[in-house]
1. Look at ILE81 and say whether it is in a strand (DSSP E or B) and either over 19 Å from GLY225 (Cα atoms) or without any contact (Cβ under 8 Å) to a residue 24 or more places away in the chain (or both).
2. For the range 93-144, enumerate the residues that are in contact (Cβ under 8 Å) with a residue 40 or more places away in the chain, in a helix (DSSP H, G or I) and among the small types (Gly, Ala, Ser).
3. Being loosely packed, with under 15 Cβ neighbours inside 10 Å, at pLDDT 90 or above and either within 22 Å of the chain's Cα centre (by Cα) or closer than 23 Å to LYS265 by Cβ (or both) narrows it down to one of ASN104, ASN158, so name that one.
4. Which numbered condition trips up PRO143, out of (1) over 19 Å from PRO250 (Cβ atoms); (2) touching a strand residue (DSSP E or B) at 6+ places or on another chain (Cβ under 9 Å); (3) surrounded by fewer than 15 Cβ atoms within 10 Å (Cβ to Cβ)?
5. Among the numbered criteria (1) touching a residue at least 12 places away in the same chain (Cβ under 8 Å); (2) under 22 Å from LEU77 (Cα atoms); (3) under 22 Å from the mean Cα position of the chain (by Cα), which single criterion is violated by ALA153?
6. Given (1) crowded, with 18+ Cβ neighbours inside 10 Å; (2) more than 17 Å from the chain's Cα centre (by Cα), where does ASN98 come up short, assuming only one miss?
7. Which members of the range 161-191 meet the condition of being at pLDDT below 90, in a helix (DSSP H, G or I) and touching a Gly at 6+ places or on another chain (Cβ under 9 Å)?
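The values are calculated or read from the model by the stated rules, or taken from the named source; none is laboratory data. Nothing here was measured: the structure is a model prediction, and the numbers come from that model. All Cβ positions, glycine included, derive from the backbone under ideal geometry; neighbour counts span all protein chains shown.
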Amino acid sequence: MFSFFKNIGRQSETITKDLLEERLIESDIEYEIVEKILDSIGNKTTRNELEVVLISLLKKESFYDNLSIREIDSRPLVYLIIGVNGAGKTTTIAKLGNIKKNENKKVIFGAGDTFRAAASSQLCAWGERLDIPCISSKFGADPSAVAFDTINAAKARNIDVAIVDTAGRLDNKINLKNELIKISNTCKKALNNNDFYKILVIDGTQGTQAINQARIFNEALNIDGIVITKMDGTSKGGSLISIISELRLPILYVGIGEGKDDFIKFDIDWYLKNLLDYIFSKN
């Protein structure tokens, strides 16, 4: 299995159109985009030629050069973290909190996933490890109340950044949408109508499923940016191309492991290099 962080061996100088199609599909790039790539090359292509095509696709068609998370001047600065269960939200919150703390910001966590029994304890355990306070409530409590309490605690304690978890249930899209809208409205109210960030966490191993999740969550709550997790062991990094191209949203960070420091800012040139390494590998 291809990983963005493993040595994949010797590289070919050229690749045939048929093999390229196979590699692009294996990478979980949606076929509509695969066709655009194939239409732009001959029966055989070099790495440099394909790189030009991919750069044109990502930077011209998706306007990625102009994509960046919008500026919000608010204190506390609130990050509402959304995504399905198992995507890595809890670890992402810990990693983001660690980054903000290293920027000399005071941080607080809000354990807003009250529907999964272990969620609150896991996030608060990370808080203890990082020396970051964590606001929680009992299992089954109103997640909006947790968000409200977290923001108010941040204001009372003069804290710079509040990072709030949410439940990740996709079994009922209507309930999920209504719940997220309620939490969003509560955050807005607690912030006296000031704005905040809505960040989607996606499991990088999910391939095309990740694209469908992104669509659902973006419809429910206009998201500001995306974090891709588990990119240290996935062959499906091609889904990022579809996310960038279709949703026009910036990918902010990439998770590359379980540790608090295994979190890097997304760089499109780094991403293209690793994707091309896979496509032109002789394995």
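1. no
2. ALA94, GLY97, ALA119, SER144
3. Just a single option satisfies the conditions, and that option is ASN104.
4. (3)
5. Condition not satisfied by ALA153: (3).
6. ASN98 satisfies all of (1) crowded, with 18+ Cβ neighbours inside 10 Å; (2) more than 17 Å from the chain's Cα centre (by Cα) except (2).
7. Correct list: LEU176 only.
Residue by residue, here is whether (1) of a type outside the set (Asp, Glu); (2) modelled with pLDDT under 75; (3) part of a helix (DSSP H, G or I); (4) more than 29 Å from the chain's Cα centre (by Cα) holds:
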| position | (1), (2), (3), (4) |
| --- | --- |
| PHE5 | yes, yes, no, no |
| ILE8 | yes, yes, no, no |
| GLU21 | no, no, yes, no |
| ILE25 | yes, no, yes, no |
| ASP28 | no, no, no, no |
| GLU49 | no, no, yes, yes |
| LYS60 | yes, yes, yes, no |
